[in-house]
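> Got a structure for you, questions after.
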Amino acid sequence: NAGVTQTPKFQVLKTGQSMTLQCAQDMNHNSMYWYRQDPGMGLRLIYYSASEGTTDKGEVPNGYNVSRLNKREFSLRLESAAPSQTSVYFCASKLQGTDTQYFGPGTRLTVL
Amino acid sequence: GDSVTQMEGPVTLSEEAFLTINCTYTATGYPSLFWYVQYPGEGLQLLLKATKADDKGSNKGFEATYRKETTSFHLEKGSVQVSDSAVYFCALSDQIGGTSYGKLTFGQGTILTVHP
């Protein structure tokens, strides 16, 4: 099992460019999450998908969109990147009825 | 809304020293509490958890007790090792009316460095 995988590992964008961060899990988990990690602020929830076919906003959704493509995959899209979106992005998943989330290795994004 | 406050870091210790990282929380309902650890260049891993008051979570020599009366979940280890150097996050899971969507609220993280 690969667990939770994220691509790319690193990305540099210019202001206004768009990109999609990919996340996939092979643990047959129902719920998936996107967080951003900023220095001194811990991780903050951007969007989540409690089950296939549903998505909901988290604490900091502005400037992002998500797609739950199927049970395995949950992508995060930046339509027009801004320097404030420079961060490390983590995807996580968990099985419905349990409370432990499993995290991917992260994507380090820099917006110039 | 829910919030988690961790002690300010970074924390620097010598090997075999005693570790405490304080964590307090504010939440509605009865959340589950977690400690996650992030080793350099990696994602977060669950270290331990507790799901109800007075539960003690433990793993790899670390332990934390869910204290509802003081809304705390302090992390402790009796003798740290160099390999424990990492960032530690306290977190809670939403719990409203018995329903949880698994949304985690994290503290700001505490950097621990252990010297030989």
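> Multiply the residue separation of B:Tyr30 and B:Val82 by 0.36 nm, subtract the distance between their alpha-carbon atoms, and state the gained length in nm to one decimal.
Details: separation 52, 0.36 × 52 = 18.72 nm, distance 3.51 nm.
Taking 0.36 nm per residue and subtracting the Cα distance, the gain is 15.2 nm.
> Return one quarter of the surface area of the convex hull spanned by the alpha-carbon atoms of the protein assembly as shown, equal to its mean projected area, in nm². Walk me through the numbers on the way to the answer.
Numbers: hull surface 49.5 nm².
Its Cα hull, projected and averaged over all orientations, spans 12.4 nm².
> Mind checking which of B:Leu92, B:Leu13, B:Leu47 has the largest fluctuation in a GNM of chain B, springs on alpha carbons under 10 Å?
Evaluated over chain B, the most mobile residue of the options is B:Leu13.
> Still on this structure, I have one more. Restricting everything to alpha-carbon atoms, can you work out Rg to Rh for chain B with a Kirkwood hydrodynamic radius? Each step should come with its number before you reach the end.
On the way: Rg = 13.9 Å, Rh = 14.3 Å.
Value, to two decimals: 0.97.
> What trypsin sites (Lys or Arg not before Pro) in segment A:1-62 are in a loop by DSSP, with at most 11 other Cβ atoms within 10 Å of the Cβ?
Numbers: sites: A:Lys9, A:Lys14, A:Arg36, A:Arg44, A:Lys57; in loops: A:Lys9, A:Lys14.
Hits after loop and neighbour filter: A:Lys9, A:Lys14.
> Going through segment B:1-72, which trypsin sites (Lys or Arg not before Pro) have at most 14 other Cβ atoms within 10 Å and a DSSP loop state?
Details: sites: B:Lys49, B:Lys52, B:Lys56, B:Lys60, B:Arg67, B:Lys68; in loops: B:Lys52, B:Lys60, B:Lys68.
Taking segment B:1-72 and a limit of 14 other Cβ atoms within 10 Å, the loop trypsin sites (Lys or Arg not before Pro) found are B:Lys52, B:Lys60, B:Lys68.
> Here's a follow-up. Describe numerically, in nm with one decimal, the distance between label points set 7 Å from Cα along Cα→Cβ at B:Lys60 and at A:Thr86.
Simple spin-label model gives 3.1 nm for this pair.
> Would you work out the relative contact order for chain A, in percent, from Cα pairs under 8 angstrom that are 6 or more residues apart? All intermediate terms of the calculation are to be shown ahead of the outcome.
Values: 290 pairs, mean separation 40.4, N = 112.
It rounds to 36 percent for chain A.
> Then there's this: Out of residues 5 or more away from A:Leu13 or on other chains, whose amide H comes under 5 Å of its own, with H placed 1.01 Å from N in the peptide plane?
Those lying under 5 Å, H to H, from A:Leu13 are A:Thr110, A:Val111, A:Leu112.
> Quick one: what does P(r) look like for segment B:51-116 with 10 Å bins over all Cα pairs, in whole %?
For segment B:51-116, the pair-distance distribution reads 18, 44, 29, 8, 1.
> Please build a GNM for chain A, connecting alpha carbons under 10 Å apart, and tell me which residue among A:Val66, A:Val12, A:Val88 fluctuates the most.
A:Val12
> When averaged across all projection directions, what area in nm² does the alpha-carbon convex hull of chain A cover? It would help to have the intermediate numbers written out before the result.
On the way: hull surface 25.9 nm².
Averaging across all directions leaves 6.5 nm² for the Cα convex hull.
> Step through the residues of segment A:68-80 one at a time and calculate ³J(HN,Hα) from phi using the Karplus curve (6.51 cos²θ - 1.76 cosθ + 1.60, θ = phi - 60°), rounding each to whole Hz and writing x for Gly and Pro.
8, 5, 6, 5, 7, 10, 9, 9, 10, 10, 9, 6, 8
Values in this text are rule-based calculations from the coordinates and carry no lab data. Just so it is clear, the structure is predicted and the values come from calculations on it, not from any experiment. Here the Cβ is made from the backbone with ideal geometry for all residues, glycine too, and neighbour counts use every protein chain on show.
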